[in-house]
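Presented below is the structure to which this report refers.
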Amino acid sequence: MASPSFIFSILLLHFLFASLPSHRTLTFAADGSWQLLQKSVGISAMHMQLLRNDRVIMFDRTDFGPSNLLLPNGKCRNDPTDTALQVDCTAHSVEYDVFANKFRALTVQTDVWCSSGAIMPDGNLFQTGGFNDGERRVRVFSPCRTCDWNEIPNGLTAKRWYASNHILPDGRQIIVGGRGQFNYEFIPKNIVSNKINLPFLSETNDKGIENNLYPFVFLNVDGNLFIFANNRAILFDYLNNIVVKKYPMIPGGEPRSYPSTGSAVLLPLKNLKAAAIEAEVLVCGGAPKGSYLQSLKGTFMAALNTCARIKITDPNPEWVMETMPLARVMGDMILLPNGNVLLINGAGSGTAGWEQGRDPVLSPVLYQPDNNIGSRFEVQNPTTIPRMYHSTAALLRDGRVLVGGSNPHAFYNFTGVLFPSELSLEAFSPAYLDAKFDKMRPTIIAPKSMSGIRYRKKYTIQVVINSDKVDESSVSVTMFAPAFNTHSFSMNQRLLVLGNEKVTAVGNLIYNIEATTPKSGNVAPSGFYLLFVVHQGIPSQGIWVRLH
């Protein structure tokens, strides 16, 4: 039996954690911990993007009916075309201040439901499309304390609903696909004919079901685009509108993109000074064929429990299959600063859509891509909040993963349903944030930020590591491109492993680390990144850098 003093210590710790302002610790262990940050931000975070000022922009849709957050100063949105409320005095977008743990209401004028976006090289969020009167809108949000959404009518050539966006080496944004759109276009527009056909999207369109929406789009290191839709992928030269390569179908042929709703990441890019850099894509989970139609009949098929991994730069690439410890549909895949991948959110059965998911998967899973196959997955501590359809996740500068959203209903619905509309925000802290790793954790002391770093240049980062001796081989520098997250896909997400060329002890536990930036915009498009120093798998807090 435990001693009374031990029990008193545990109770005291619980009291101290519970008394922290605006935070509630749910679990705490070596395999990750959860905090409730906000019981409600007033809206359900269906879309999420971290900005360079450590604010996260979130929004749901304007035709949900009134949200639980009023617009400030009696402001109202007047939209005669809205299908729910023509005059709406509530917010459908918020800006969340990560380090203050506060939020403020923002105003979107047109329907942003199931839209897309990416951060432009100047740090502004360009967000595109949506439903109804939002289908051809481009919306711009600039990172400042008082900024709000600006909308550009007819900013898109085609109606874009369930499309995917990616930043290109020339600074433009490409927008691929969308419901009924088997084509792509660019913003800003710079050609008269800005809608270009892409037959691959019609070829992967399952009649009446689709399964090729929100295609997984990644910029390959050769400047071409890897585009995955349904169960197939191509390497695409968007400059000349040419399919460079067709990849094999995923073994088993199961669909993976929306509404099957698996997820995908471009695995961390390494050996960046090599003449030929390797690039790999990992696709995980989703709903098997027939799930959508079966769910409409009240039968919820088990989600897929497999991942498929492919080296997209190989001359003759093949998919390698792996089995996850937990089947998952509507999950998110988030790159962590140390190169691991976090699988989080989602359901164990059913598919995307209103009321069509069941069996919430509460436990995240860590995927360690450098481990041998068969030992890459590690189940983490669970949350208590189901994150089903329309849930989101985003990596923060301090290494936590922000989690929000979940609304599997046509409107806000808080009672009498299996999974109520979820307005809360949580943070998942991976095990690397545990206090027991504090002595290994680097702290960047110089520079405080790197506002203008150039390609192919060597830079020195100075850190404190509370260790008598640091092995040069255990230290690495990484750069992360924050992603636009919605519907289980993080658009524009990218992690670059710069490694290190030299680690020099300069006294007082201070070390200088030399690293060279990527060689071109094909490897890393210009823009804002989070730079981390990683020591023995434990990352520092990031600093914002601008690469150009």
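The values are calculated or read from the model by the stated rules, or taken from the named source; none is laboratory data. Bear in mind the structure is a predicted one, so any value in this text is a computation, not a measurement. Reconstructed Cβ throughout: ideal geometry from the backbone, glycine too, with neighbour counts over all protein chains shown. Heads up: the accessible areas ignore ligands, DNA and RNA and are worked out on the full protein's heavy atoms, side chains in. Shrake-Rupley method; radii C 1.70, N 1.55, O 1.52, S 1.80 Å.
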Discussion item. Which residue is most open to solvent (accessible area, probe 1.4 Å), if the candidates are limited to the stretch 172-196 and must be out of contact with any His (no Cβ under 8 Å at 6 or more places or on another chain) and touching a residue at least 40 places away in the same chain (Cβ under 8 Å)?
Written reply: Ile196
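Pick out, from the stretch 8-93, the strands (runs of 3 or more DSSP E) lying fully within it that include 1 or more residues that are under 29 Å from the mean Cα position of the chain (by Cα), at pLDDT 95 or above and not β-branched (Val, Ile, Thr). Quick ask: steps written out before the conclusion?
Numbers: elements: 24-27, 33-38, 47-50, 55-59.
Result: 33-38, 47-50, 55-59.
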Practice prompt. Confirm whether Pro251 is open to solvent by 60 Å² or more (accessible area, probe 1.4 Å), out of contact with any Gly (no Cβ under 9 Å at 6 or more places or on another chain) and touching a residue at least 24 places away in the same chain (Cβ under 8 Å).
Written response: yes
Discussion item. Touching a strand residue (DSSP E or B) at 6+ places or on another chain (Cβ under 6 Å), of a type in the set (Val, Ile, Thr) and open to solvent by 10 Å² or more (accessible area, probe 1.4 Å): is that true of Thr204 in this structure?
Written reply: no
Discussion item. Name the single residue that is least open to solvent (accessible area, probe 1.4 Å) among those in the stretch 454-471 being at pLDDT below 95 and of a type outside the set (Ser, Thr, Tyr).
Written reply: Val470
Fill in: For Gln493: the one exception among (1) polar (S, T, N, Q); (2) open to solvent by 30 Å² or more (accessible area, probe 1.4 Å); (3) not assigned by the TED database to the domain that holds Glu378
(2)
Fill in: Of all residues making up the stretch 254-264, the number that are outside any loop (DSSP other than H, G, I, E, B) and either among the hydroxyl-bearing types (Ser, Thr, Tyr) or open to solvent by 20 Å² or more (accessible area, probe 1.4 Å) (or both)
2
Worksheet item: Which is under 28 Å from Ile312 (Cα atoms), more than 20 Å from the chain's Cα centre (by Cα) and outside any strand (DSSP E or B), of Pro518, Pro525?
Response: Pro518
Practice prompt. Return the total of residues in the stretch 109-150 being closer than 29 Å to Gly452 by Cβ and within 20 Å of the chain's Cα centre (by Cα).
Written response: 18
Worksheet item: What number of residues within the stretch 110-126 are part of a loop (DSSP other than H, G, I, E, B) and either more than 20 Å from Asn68 (Cβ to Cβ) or modelled with pLDDT under 95 (or both)?
Response: 8
Practice prompt. Identify, from the list Phe377, Phe428, the residue that is in contact with a Leu (Cβ under 8 Å, 6 or more places away or on another chain), aromatic (Phe, Trp, Tyr) and surrounded by 20 or more Cβ atoms within 10 Å (Cβ to Cβ).
Written response: Phe428
Worksheet item: Counting only residues that are over 17 Å from Pro482 (Cα atoms) and assigned to a strand (DSSP E or B), which one in the stretch 531-548 is farthest from the chain's Cα centre (by Cα)?
Response: His535
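From Thr313, Thr383, Thr299, grab the single residue that is without any contact (Cβ under 8 Å) to a residue 60 or more places away in the chain and in a loop (DSSP other than H, G, I, E, B).
Thr299
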Fill in: Number of the exception - Ser391 against (1) closer than 27 Å to Glu322 by Cα; (2) open to solvent by less than 10 Å² (accessible area, probe 1.4 Å); (3) touching a Leu at 6+ places or on another chain (Cβ under 7 Å)
(3)
Worksheet item: What number of residues within the stretch 209-239 satisfy the criterion of being open to solvent by 50 Å² or more (accessible area, probe 1.4 Å), assigned to a loop (DSSP other than H, G, I, E, B) and either touching a residue at least 24 places away in the same chain (Cβ under 8 Å) or of a type in the set (Val, Ile, Thr) (or both)?
Response: 1
Fill in: Flag for Glu355 being open to solvent by 40 Å² or more (accessible area, probe 1.4 Å) and over 26 Å from Asp471 (Cβ atoms)
yes
Practice prompt. Please state which one of Gly527, Gly507 is among the small types (Gly, Ala, Ser) and surrounded by fewer than 18 Cβ atoms within 10 Å (Cβ to Cβ).
Written response: Gly507
Worksheet item: Is at least one residue of the stretch 150-163 more than 21 Å from Asp111 (Cβ to Cβ) and open to solvent by less than 20 Å² (accessible area, probe 1.4 Å)?
Response: no
